[in-house]
Structure formats: structure tokens, C-alpha cells
Amino acid sequence: MSTAAATFEALDDLDAINKLYRERRWSDGLPIVPPTQERVARMLAATKRKRDEVIAILPPGFGEATVERIAINAVMAGCDPEYLPVLIAATDAVSQAQFNIQGIEATTNPAAVWLVLNGPIVQQLGVNATFNCLGQGTWANATLGRAMRLILQNIGGALPGEMDRATQGQPAKYTFCCGENEAQNPWEPLHVERGFAREASTVTVVPAEGTINMNTHSKDATELLRVIAETLVHPTSNEYCHGGEPWIVFAPEHADILKAGGLSKRDIKARLWELTKMPAGRMSVKEILRAQASRADEYGEIKPDTLLSISRSPDDIWFIVAGGPGTHSVYVPCFGNSRAVTREIT
């Protein structure tokens, strides 16, 4: 998308500009806000960075993600101007080598970028971290996640059916964003665990392949971890093929049960890592060969009775606390050849 075309100096005509954007495949299939020069200027006023500063080069099309181009897509998604620094940080994060945005955007897997916000920014922007935090109804969550997708499509060139080869995709490819419910987190929040000051505001980008509801009324920490672990084990998982990075969204109620059971974050990760080991023979022959190619450095020869771990170490299992009251936690399986990245929002 060129800057001249994107700002479209025609009248602010919603029907006309949406027709144009559909024709040129600049939208995500939903109506967009016309990125007029005035709206883009208001968006750019939220950062001290120069509009032509290149934040990242985004595969698979290797487009230059300048501050202005990020701002244009933020306007299109309906973002408020104060959201722009989040998107600048997130764009930098997805471009890091360990995130493997090339693989994520070009794969046949239904991989999507999940934004997790931490710190004061959650309250400042009104990001939902409680009831229905992964669902509809909150402007910040919806437009931030949507803007990230438009950035990847319009700057990175990941158009469905072209460079984006997802077999079916998933709804999270429209938008996927939430905050961590730090007020109800009995442990240190995610961004502190990942090395940032508690008072810092951060965005973490996660290569999510979907969400799985885990509804259990168990009040026993040991039993709770057992049934969650059994949910994580599945033979079609990329995580077992490659040694991945599974993520869990613990409901506050489940987090309180685990904390009352005397478990630290490290304890939970260690137990889940052991409880989720799976015989390679549960996978198809083709997937055993894929695991052999990817994990020979860990296991040597992989046989049907080889116990494969879901991740290469317990430290690769991550979780946040989010959501409202209820006995529902969420498993977020992830694209195996990728690692989440956290950036401070400045």
C-alpha cells in the first residue's frame, strides 16, 4: 500500500473508499475507517517518532513498516491515537528473528498474532483483561488486534491465498488482543517474569493457533493441573513436533486454587511439563518423522515409545491470568517454530 493511495484524497465517503479498498484488497473484509490525511496526522501526533522512521521490515513481502504506514493501518482499524505506541512496539516485536513472522504468515497453519498487554497501559487505554477479554465488546482490544492484522497484510504482504497460505485460518486472524488481569494475579505478572519493571507497560506478541476452553470445577490444585495437562496433550500438535511454547490463560479462580495449593509459577510449569509427556506413537508416522527432523538434538532416534515433551523445557510453558469469575481457563496452542517476544511501550 502506497502512502498516497492509502490516504486517498477524495471526499471522506465511506462507501466509495470501502469499495476502493475491497477492490485493492487493502481491507480485512470488514468496513474500514477512511485514513484521510487529517486522521493520519492525529494518529501520528501520539508519537514523537518521525513519520518516515522504519520500525521493521515485515516478511513475507518485506515491506517497510514506517511509523506513518503503521498509523495508516491503525486509522483503518478504528484505533484511537493513543494506541499507536502499542502498535509500534508490537510491529518491532513481530519482526524479531525468534518470532519467525515469515513462517507464521506463510504457513498453512491457522497461526495468528495475539497481543498481550501488561502494566499501566492496560488501565490507561481501557484494555479488557476481565469478563470476555478474548471476545467482543471492547474498543481497544478489538481495534488493536485488528490493526496488527492489517499491518501484517498491507505492509507485510500476507494476503490470504497468496503469501498467507492458511488452510482454513481462524477468527483470531481478524483480531486477538487482551490485557493481563494483574489485580487478580496471585503471582508476578507476565512482563515482570519476562524481565521488565512492574511499572513498565509492555506488549507481548504470541504466535497463537487457536483457543481451547478448559472448564473444570476442581478445587484441588493437583487434580486441576492433571486435567489441564490432559487437555494440552494431542497428537496433531505442532508443539510436540518441534518442542513448542504452549500458552495458558488461567481464570482468576483457577489461579487462586493453584496458589492456595502452594504452587509457584515455576512449580506449575515443571508439573505441566512432566504431565504432558506423550508417547511419539500417538502421532502419525509422518509426524514422527517431522519430530525426528526437528528434535533429534534432544532425543536422538525417536521411536513410538519415546516420550516427547510439549516444549523443550518447562521454561517454555507460559501463562497469564485473565478473565472474570468462572471455572474456565484457556489453552492457546502455538506455532511450534516460534517464540513470543515482549517489547516495552514507550
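A short reminder: the numbers here are calculations on the coordinates, not readings from a lab. Keep in mind that what you see is a predicted model, and the values were worked out from it rather than measured. Because the Cβ atoms are built from the backbone with ideal geometry, glycine has one as well, and the counts that use them run over all protein chains shown.
So in the chain, what percent of DSSP beta bridges are antiparallel if you round to the nearest 5? Please report the intermediate quantities before stating the final value.
Details: 25 of 34 bridges.
Rounded to the nearest five, the antiparallel share is 75 percent.
What does the extension gain come out to for Glu230 and Ala16, with contour length at 0.36 nm per residue minus their alpha carbon separation?
On the way: separation 214, 0.36 × 214 = 77.04 nm, distance 5.15 nm.
Between Glu230 and Ala16, full extension yields an extra 71.9 nm.
Determine the sum of side-chain charges near Lys269: Lys and Arg each +1, Asp and Glu each -1, restricted to other residues whose C-beta is under 9 angstrom from that of Lys269. Walk me through the numbers on the way to the answer.
Values: positive: Lys265, Arg266, Arg271; negative: Asp267, Asp315, Asp316.
Taking every other residue near Lys269 into account, the sum is 0.
Pick out, in residue order, every one of the GluC sites (Glu not before Pro) in the range 177-264 that is DSSP loop and has at most 14 other C-beta atoms within 10 Å; say none if there are none. Mind showing how you got there, number by number?
On the way: sites: Glu180, Glu182, Glu193, Glu199, Glu209, Glu223, Glu230, Glu239, Glu253; in loops: Glu180, Glu199, Glu209.
Qualifying residues, ordered by number: Glu199.
Roughly what would the spin-label model give for Gln96 and Ala197, points 7 Å off Cα along C-beta, in nm?
Going from the Gln96 label point to the Ala197 one covers 1.9 nm.
Please name which of Ser284, Leu125, Pro186 has its Cα lying farthest along the dipole of the chain towards the positive end, using unit charges on Cβ (Lys, Arg +1; Asp, Glu -1) and the Cα centre as origin.
Ranked along the dipole, the leading option is Ser284.
In nanometres, what is the gap between the two model label sites at Ala293 and Met163, each 7 Å from Cα along Cα-to-Cβ?
Those two pseudo-labels are separated by 2.3 nm.
So which cysteines in the chain don't have a second cysteine's C-beta under 4.7 Å from them?
So, Cys79, Cys177, Cys241, Cys334.
Considering only the range 212-335, what is the antiparallel percent among its DSSP beta bridges, to the nearest 5?
Details: 9 of 14 bridges.
Restricted to the range 212-335, the bridges split so that about 65 percent are antiparallel.
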